[in-house]
1. Can you tell me which residues in the stretch 215-231 are of a type in the set (A, V, I, L, M, F, W, C) and within 13 Å of residue 185 (Cα to Cα)?
2. Tell me the residue from 538, 497, 533, 514 that is modelled with pLDDT of 90 or more, basic (Lys, Arg) and farther than 27 Å from residue 388 by Cα, please.
3. Quick one: which strands (runs of 3 or more DSSP E) sit completely within the stretch 611-671 and have at least 2 residues that are in contact with a Lys or Arg (Cβ under 9 Å, 6 or more places away or on another chain) and of a type in the set (A, V, I, L, M)?
4. Take the residues of the stretch 497-528 that are among the hydrophobic types (A, V, I, L, M, F, W, C) and in a strand (DSSP E or B): which is nearest to residue 134 (Cα to Cα)?
5. Would you mind stating whether residue 287 is outside any loop (DSSP other than H, G, I, E, B) and either among the acidic types (Asp, Glu) or under 33 Å from the mean Cα position of the chain (by Cα) (or both)?
6. Under 7 Å between Cβ atoms, at least 6 apart or on separate chains: pull out the pairs that start in the stretch 60-87 with a residue that is under 23 Å from residue 239 (Cα atoms) and end on any residue that is outside any helix (DSSP H, G or I) and among the aromatic types (Phe, Trp, Tyr).
7. Whether any residue in the stretch 538-561 is in a helix (DSSP H, G or I) and under 30 Å from residue 429 (Cβ atoms) is what I want to check.
8. Can you pull out the residues in the stretch 16-44 that are within 14 Å of residue 313 (Cβ to Cβ) and hydrophobic (A, V, I, L, M, F, W, C)?
Amino acid sequence: MPTSHRFQSLAQREINRETFVEPWPEAGLIVADGPNDPPPSLRLANGQVVELDGRARADFDALDLFIAAHGLDLTSAEQAMALPSLAFARKLVDLDTPRAEILRLAAGCTPAKLVDIVRQMSVLEMMMALAKMRARRMPANQAHVTNKREHPALLAADAAEAALRGFAEIETTVGVARYAPFNALAILVGSQTGRGGVLTQCSVEESLGLQLAMLGLTTYAETLSVYGTEGAFVDGDDTPWSKAFLGAAYASRGVKVRFTSGTGSEALMGHAEGCSMLYLEARCLAVTRGAGSQGVQNGSISCIALPESLPGGVRAVLAENLLAAMLGLEVASGNDALASHSAIRKTAKLMLQFIPGTDFIFSGYSAVPKRDNLFGGGNFDADDFDDYSVLQRDMQIDGGTRPITEAQALAIREQAARAIQAIYAELGFPPITDAEIAAAVTAHGSEDMPARDVVSDLAAANRFLRGQQTILAVVGALQRRGFTEVAANLLEMGRQRVAGDYLQPAAIFDAGFRVRSAINDPNDYTGPGTGYRLGGQRWESVQALPQVKSPRDFIADQVGAPLATLAEVGPAAVGSAPEVVVAVGPAFGVELTRTINGLNHEDVLAALLTGIAGEGLIGRVIKVYQSSDCAAIGQIGAWLSGSGIAVGLQSRGTTIIHQKGLPRLNNLELFPQSPSLTLETYQAIGRNAARYALGRVTTPVPVQVDNWARLKLIVKTTLLHRRETEMVRPLPPMELRFDWEPDL
């Protein structure tokens with residue numbers, strides 16, 4: 001069999017570095033519609049659930065018992081279960097069915113019923129439903145801030161920059177568990193430097209996480225993992241009841257809590273029980289709601305490559321986000337773990353949450369380079385900041401971030417690094433030197449940082465964790481060193497924990513520590529003209545990319561003083577002798593003096609005339625005033641040419657060889673990619689025009705194709721053509737004198 005060069009090329013594409021497998025339901029390797037998924041059912045007797053999704057109460061496992069007792073609203077259950085799943089799905093996309101009605105009915109649905117509802121829906125329909133069901137009116141975003149060296153100055157600087165970029169939450173983790181208190185402290189201080197009110201957490205073992213929270217070093221947690229089978233829960237050393245207790249323990253200390261789940265975890269742990277990933281996730285969500293958590297981090301999270309290896313995997317991830325929103329949970333919708341080698345695929349996956357909006361579009365946008373992300377890389381990272389900002393600007397979508405300038409980043413990074421330096425000095429931790437501060441201010445990643453004494457840092461972290469100091473000691477240290485605003489923000493975060501308002505579902509802090517949540521800022525989308533729309537000052541900030549320029553700046557280098565070597569000598573007449581006319585546009589040499597790629601007009605004319613003269617003919621230059629169109633300029637020139645051959649030349653450099661008698665758009669040779677034209681090319685064009693005039697056999701001038709030229713230069717092309725068009729006048733073509741010396 002011959003080898004296809006196209007298939008050889010395709011084999012090298014990034015997408016073909018992925019793993020794709022056929023479904024294997026017995027191993028849980030099926031994302032939805034598994035043959036072992038139970039049919040929806042619910043039977044009540046004396047106010048008690050006696051049958052749940054085809055299983056009698058005597059056969060209930062731990063999850064069934066928990067869901068039956070805490071995860072179902074029995075006041076709406078019978079109505080919800082009796083409603084056909086297709087009719088329920090239509091209510092989800094029906095703009096006349098309010099979100100509150102969906103929440104009421106969904107609370108009475110069993111896990112299998114929830115799955116049966118979303119199986120009726122396409123990806124587009126689920127996106128429409130997600131836009132309606134999101135808990136909070138305004139979407140937001142969460143960042144990951146870590147680094148391989150676990151350097152406190154770099155953590156603080158990166159957290160400050162992330163806060164300034166608009167992230168409402170910042171999460172860190174550890175490579176070495178004993179670093180936890182210092183890492184948590186660094187991002188707390190950095191975040192409150194960047195913007196007061198950013199919530200922070202340190203992802204560690206749950207009891208240690210609670211200890212950090214009680215010290216005041218963290219303000220939210222999402223490390224409480226739940227699973228869709230009893231076996232996975234046992235391997236996780238927990239039960240639904242213990243998770244509920246731990247969630248309550250966090251909340252009692254004023255710490256906001258999200259549970260974590262997602263398609264694929266049970267299969268990965270070997271406890272899928274032959275059921276589909278989406279059905280097991282629906283059980284997780286019922287447990288999450290029953291445990292009283294205000295929200296969930298779901299979207300497959302660290303297991304994402306597993307559902308993506310199977311048919312419909314990305315659709316299932318969207319479906320699980322929608323199910324969580326239907327249950328009234330705050331949704332931090334994944335998009336954090338590295339999901340694909342392919343930039344196309346990872347961006348397409350993101351769009352399912354980015355376009356409709358979720359409470360947190362990323363449950364961890366990597367605000368550091370991928371290589372520094374201790375969560376296992378980031379699907380989007382610090383190298384993608386500009387791309388992400390442009391996506392928001394392109395679609396007028398609030399993706400939860402804002403562009404900032406380099407000067408703003410450097411200033412806030414230095415302030416945060418200085419703040420953590422002051423804390424280390426005041427509290428007797430291993431000192432952070434000025435050299436470390438300078439490195440952290442300009443660093444992109446941990447490779448830009450000097451090494452620290454790891455043993456001393458870990459010993460100090462242990463002492464801090466065992467000691468009596470809390471966040472109040474940090475506030476005092478900042479006050480003594482003059483960081484009053486950062487100290488005030490930290491103190492206000494403590495006060496907000498006592499108030500407890502940010503424990504509301506989907507709560508974040510807006511400017512001035514104002515809580516925005518599903519309680520006081522609920523999603524009110526009911527179709528066009530309703531719900532959250534990016535506008536006003538926020539839209540202005542999204543538009544203000546640092547790389548945005550005034551349109552006039554794009555053509556400034558094409559405008560110069562009128563060429564002294566060109567002069568009009570009167571109306572152009574029809575030629576009689578063999579010649580080639582070079583017809584130029586109305587702005588040529590006057591309003592515009594260079595081509596789009598910077599060639600001087602006089603050099604371009606000289607090259608064309610040199611090519612014509614090289615074949616023994618005379619070149620005559622005329623200016624066409626009545627049109628800025630290249631084809632029209634060339635056609636008019638051909639009418640006036642004694643040989644019937646002309647070169648048409650727009651001021652930006654686009655060129656044509658035309659012959660009298662041909663329709664305007666049917667030419668001898670066309671050179672549309674003006675950015676690729678060189679003086680040598682123009683000389684070859686002049687030579688070919690002369691050969692056509694002499695009736696000689698002519699090989700067309702090779703055309704260089706740059707597929708990126710339009711992307712790079714279409715704005716400049718538009719502005720140059722506008723300037724050319726502004727010079728159009730109802731005047732006859734004019735003869736030009738060009739003072740030049742042929743280079744033969």
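1. Looking only at the stretch 215-231, we keep the residues that are of a type in the set (A, V, I, L, M, F, W, C), and these are 215, 217, 221, 224, 226.
215, 217, listed by residue number.
2. On the way: 538 fails: farther than 27 Å from residue 388 by Cα; 533 fails: farther than 27 Å from residue 388 by Cα; 514 fails: farther than 27 Å from residue 388 by Cα.
That would be 497, the only listed residue that is modelled with pLDDT of 90 or more, basic (Lys, Arg) and farther than 27 Å from residue 388 by Cα.
3. Values: elements: 618-623, 645-649, 655-659, 669-671.
Per the criteria, 645-649.
4. Residues of the stretch 497-528 that are among the hydrophobic types (A, V, I, L, M, F, W, C), as a first pass: 498-499, 503, 506-509, 511, 513, 515, 518-519.
Subsequent filtering for residues that are in a strand (DSSP E or B) retains 508-509, 515.
Details: 508: 14, 509: 17, 515: 17 Å.
Looking at the filtered set, the residue picked out is 508.
5. Numbers: outside any loop (DSSP other than H, G, I, E, B): yes; either among the acidic types (Asp, Glu) or under 33 Å from the mean Cα position of the chain (by Cα) (or both): yes.
Criteria met by residue 287.
6. Final answer for the pair search is 68/60.
7. Initial filter on the stretch 538-561 (in a helix (DSSP H, G or I)): 538-543, 551-554, 556-558.
This time we only want the ones that are under 30 Å from residue 429 (Cβ atoms), so: none.
Within the stretch 538-561, none of the residues are in a helix (DSSP H, G or I) and under 30 Å from residue 429 (Cβ atoms).
8. Of the stretch 16-44, the ones within 14 Å of residue 313 (Cβ to Cβ) are 18-24, 28-34.
Within the stretch 16-44, 20, 21, 24, 29, 30, 31, 32 qualify.
The values are calculated or read from the model by the stated rules, or taken from the named source; none is laboratory data. Every value quoted in this text rests on a predicted model; they were computed, and no experiment measured them. Every residue, glycine among them, receives a Cβ derived from its backbone with ideal geometry; neighbour counts consider all protein chains shown.
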